[in-house]
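**Student:** Right, I'll just put the structure down here and ask away after.
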Amino acid sequence: MTFFKLEALMNEIFARKADNIPSIPSASFRIPTRVTLNDAKRQSWFADLANPHVPLYKLGKSVPHGAKGHDLLDLLQSNNVAIPRAVWFLRVFGANETVWKYHI
């Protein structure tokens, strides 16, 4: 078998394989909107974040902003937010900050 026949065979294999791979649907994730909350509502939101029975999709409809850096980490720690949920919040918060930074 020559090199060109081998190349053609490999290209045909890759093409058939690509045809059999299911398509990936477009991303349905949207970055939650940022909201300004008064102290009572913010405390309630962080209490819900700390509660493992409150689904993240419910909290993801709107995310409070305001605290940054050490204050934000202290806020998560003082509300006893579990690490996986805190990481989720920090990722969403960071994505929001990035979007707004480049939006202006």
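**Student:** Under a 1.4 Å probe, what is the accessible area of the chain per residue, stated in Å²?
**Tutor:** 80 Å²
**Student:** For the chain, which DSSP H helices look membrane-span-like by this rule: Cα extent along the axis of 24 Å or more and mean Kyte-Doolittle of at least -1.0? Mind dumping the intermediate values first?
**Tutor:** Details: long enough: 3-20 (26 Å, -0.11); 83-103 (29 Å, 0.06).
Both cut-offs are met by 3-20, 83-103.
**Student:** Right, something else. Rank V87, L73, T33 by how far each Cα sits towards the positive end of the charge dipole of the chain (+1 on Lys, Arg Cβ; -1 on Asp, Glu Cβ) and give me just the farthest.
**Tutor:** T33
**Student:** Two-decimal Rg/Rh of the chain from alpha-carbon positions, Kirkwood Rh? Before the final figure, lay out each step's value.
**Tutor:** Details: Rg = 22.7 Å, Rh = 17.1 Å.
Using Cα coordinates only, the ratio equals 1.33.
**Student:** Quick query: amide H of V63 versus all other amide H atoms, modeled in the peptide plane; which residues come in under 5 Å with a sequence gap of 5 or more or a different chain?
**Tutor:** T33, R34, V35
**Student:** Determine the sum of side-chain charges near P52: Lys and Arg each +1, Asp and Glu each -1, restricted to other residues whose C-beta is under 13 angstrom from that of P52. It would help to have the intermediate numbers written out before the result.
**Tutor:** Numbers: positive: K58, R85; negative: D48.
Counting the neighbours of P52, the net charge comes to +1.
**Student:** Starting from the Cα of K17, draw a straight line to each of the lysines and keep only those under 24 Å, dropping any in the same chain fewer than 8 residues away.
**Tutor:** Straight-line reach from K17, under 24 Å: K5.
**Student:** Which lysines does K41 reach when only Cα atoms under 27 Å apart count, and residues fewer than 8 places away in its own chain are ignored?
**Tutor:** K41 reaches K58, K61, K68, K101.
**Student:** Relative to the Cα centre, what is the charge dipole magnitude of the chain, using +1 at the beta carbon of each Lys and Arg, -1 at the beta carbon of each Asp and Glu, and rounding to the nearest 20 debye? Please report the intermediate quantities before stating the final value.
**Tutor:** On the way: 13 positive and 8 negative charges, 41 e Å.
Roughly 200 debye, rounded to the nearest 20.
**Student:** Another question about this same structure. I'd like to compare 12-20, 43-51: which one has the highest average count of other Cβ atoms within 10 Å, and what's the full order after that?
**Tutor:** Details: 12-20: 8.9, 43-51: 16.6.
My ranking of the peptides, most packed first, is 43-51, 12-20.
**Student:** I'd like the carbon and sulfur percentage of the solvent accessible area for the chain, probe radius 1.4 Å, heavy atoms only, ligands and nucleic acids excluded. Could the numbers behind the result be given before it?
**Tutor:** Details: 5040 of 8280 Å².
Exposed carbon and sulfur together represent 61 percent of the surface.
The values are calculated or read from the model by the stated rules, or taken from the named source; none is laboratory data. Source: prediction; values computed, not measured. Neighbour counts are summed over all protein chains in view; Cβ atoms, including those assigned to glycine, are modelled from backbone coordinates with ideal geometry. Please note that ligands, DNA and RNA were not included when accessible areas were found on the heavy atoms of the full protein model with its side chains. Shrake-Rupley method; radii C 1.70, N 1.55, O 1.52, S 1.80 Å.
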